[in-house]
Each structure stands twice: as structure tokens, then as C-alpha cells.
Amino acid sequence: MHSAASGMEAHQFALDTIANNLANASTTSFKRTRTNFEDLFYEHLKVPGAESDAGQTGVGISVGLGTRVQSTTQNFSQGSLLDTNGDFDVAIVGEGFFQVQDGAGLAYTRAGNFTLNSNGDMVLASADSGRVLQGPFNIPPGATSITITGDGQITYLDGQNVLQNAGQIPVYQFPNKTGLLQKGENLYVETIASGTALAGTPGTDGFGQLRHRFLEASNVEPVRELVDLIKTQRNFELNSQTIQAADQMLQLISNLRRF
């Protein structure tokens, strides 16, 4: 009964994960999360290789004590590209993250829906605050023909139609990107598990190239999530039926005294 209860608890967590994936199917650059399980420790009634009257046993007798959530893993596969025609929209095609200032610290994102703040700095659009894209990169009022090349160079025409360069956007990689901490608002923060951020030029040395006026869509596949949803629901039901069967057996045993 307790083993089945652990299965129900674990699959409830998996259901929450799937629900979050589906809720973010339209979130810019969102990466789907997978729930991983592991079995719990075992009660060994007889250890394999134990001595018996007939010699050593080739197998043992063990019973497991259920399951639990081992970890959640993000799938960082490339999402499809959406043509937005926005002057400050940028997508990363391949590996890498943008670096933004988040309060007193730094955060990383795949979302490239940038805009300008009151100072003319490129910031990650947010309902709460504008997180400045590191450089920073400043675009003065009246600038036209804004272009961001594949290697991150930002150019524009000033008020006198003179071509100006606002700098080059770097991208960052991590030794273990699955070790990044999800902060929400399309942000990740560095952890000991992720390793230190490594800066590079877009399109070189394995770093992804930039695509101006495009955004990366979520990599959630609704059909796949719905299949996982059905499997999770059925596994939850099977565990609940196990508890019902155990309850019926206990009821039968408690009624034996009447015979």
C-alpha cells in the first residue's frame, strides 16, 4: 500500500510538470521539462549467492518499497523560429544564452524579445522590470535601419544618416547547462552544477548564430505532452487500484475472525 502511495505521489509531480510544459507551449524560448524517477531501497529476504543446504543460490528474494522523483531535466533542443520583424528581436540558432543584468547579479536567457529603456539601452522586455542586455548596448533616439548581424554586430543610421556601430552581442555557454537554475521570467542563473559561463562570439567555436527579427518559440510539442499526460494518468490510476486491492485484502483478513 505504501509503495503504491509513493507511485501516486510521484506521478502527481509528473502531472504538474506536464501541466507546466503545456501552459508554456507559447512562451518565448521555453524549454520542456522531463520528470525522472528512481526506485526506492529494497527489503532483501534472501541475498543472491547466499548459502543454502543445496549450495549457493543463484538468485535472491527482494521486494521494493516504491518510487520517488529522482530529478527534472530540461530539454534544450532548438525551438522553431518565428518571424516577428521586430527591430530588437533576436533569436539564437544553436548553442548559447544572452546575459542580462538582474538586480545586483547576472542572469541568462534564450529569449531575445528585447526593447529599449528610457536611457536607450537594450533590455529584456518584462512586465516587472527591464533587465539590461550586457554590454550594455545603447541606441540613441532617432536611430533608423537597425541591423543585428549573425555574429552579433549592432549597427544603425544616426540622425545624419551616418552608419554607427553600437557594439557586438556575445553569447554564453556552460559546461553543464542542465545544471542551470530556472528563475522564471525566461531567466536562468549560474550554479555550481552548471559551471562558470563561457563567453564567445556568435557563429564561432560552437556558439550559436544570431537571427535578427526572429524569436525562438517554445520547444514543447503538445501532442507528445498529451501522450505523456495519458500515460501518467493511467499509471496514477493503476497505483490507486493497487491501494484499493490492498484495502480489500486487509478487510478480508480482518473478517477472518468471524468464521
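Here, each number is a calculation from the coordinates, and none is a lab measurement. The model shown is predicted, which means the values in this text are computed figures rather than measured ones. Please note: Cβ atoms are built from the backbone with ideal geometry, for glycine as well, and neighbour counts cover all protein chains shown.
Would you mind giving the three semi-axes, in whole Å and largest first, of the ellipsoid equivalent to the range 55-127 according to its Cα gyration tensor? All intermediate terms of the calculation are to be shown ahead of the outcome.
Details: eigenvalues 485, 55, 22 Å².
Equivalent ellipsoid of the range 55-127: 49, 17, 10 Å, largest first.
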Karplus-derived 3J(HN,Hα) from phi for the range 240-253 (6.51 cos²θ - 1.76 cosθ + 1.60, θ = phi - 60°), whole Hz, x at Gly and Pro, runs 5, 5, 4, 5, 4, 5, 5, 5, 5, 5, 5, 5, 5, 5
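How high is the relative contact order of the chain, in percent, with contacts defined as C-alpha pairs under 8 Å that are six or more residues apart?
Details: 525 pairs, mean separation 63.8, N = 259.
Relative contact order comes out at 25 percent.
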When the chain is treated as a Gaussian network with springs between alpha carbons less than 10 Å apart, the largest mean-square fluctuation among 96, 159, 206 is found at 159
Taking the alpha-carbon centre of each part, the distance from the range 171-222 to the range 107-122 in Å is 15 Å
Volume per residue (Å³) of the convex hull spanned by the alpha carbons of the range 81-216 is 102 Å³
Simple spin-label estimate for residue 248/residue 57, 7 Å along Cα→Cβ, in nm, reads 3.1 nm
Log entry: pair-distance distribution for the chain, C-alpha pairs binned every 10 Å from zero, whole % per bin is 6, 22, 24, 16, 12, 9, 6, 3, 1, 0, 0
Per GNM of the chain with C-alpha springs under 10 angstrom, the most fluctuating residue out of 43, 185, 225 is 43
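Only helical DSSP H runs with n ≥ 4 go in: add -39500 (n - 2.57) per run for the chain, normalise by residue count and round the 222 nm mean residue ellipticity to 500 deg cm²/dmol. Walk me through the numbers before you get to the answer.
Numbers: 2 runs with 55 residues, N = 259.
Helix-only estimate at 222 nm: -7500 deg cm²/dmol.
Quickly rank 163-175, 56-68 as a protection proxy: mean count of other C-beta atoms within 10 Å, highest first. Provide the component values of the computation, followed by the final result.
Working: 163-175: 17.2, 56-68: 12.5.
Taking the mean over residues of other Cβ atoms within 10 Å, the ranking is 163-175, 56-68.
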Taking every other residue with Cβ under 10 Å from the Cβ of residue 211 and scoring Lys and Arg +1, Asp and Glu -1, one gets -2
Rounded to one decimal in nm, the spacing of the 7 Å Cα→Cβ label points at residue 158 and residue 38 is 5.9 nm
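How far, in nm, would the chain grow between residue 16 and residue 129 when pulled straight, counting 0.36 nm per residue and subtracting the alpha carbon separation? Before the final figure, lay out the partial values.
On the way: separation 113, 0.36 × 113 = 40.68 nm, distance 2.80 nm.
So the extension gain works out to 37.9 nm.
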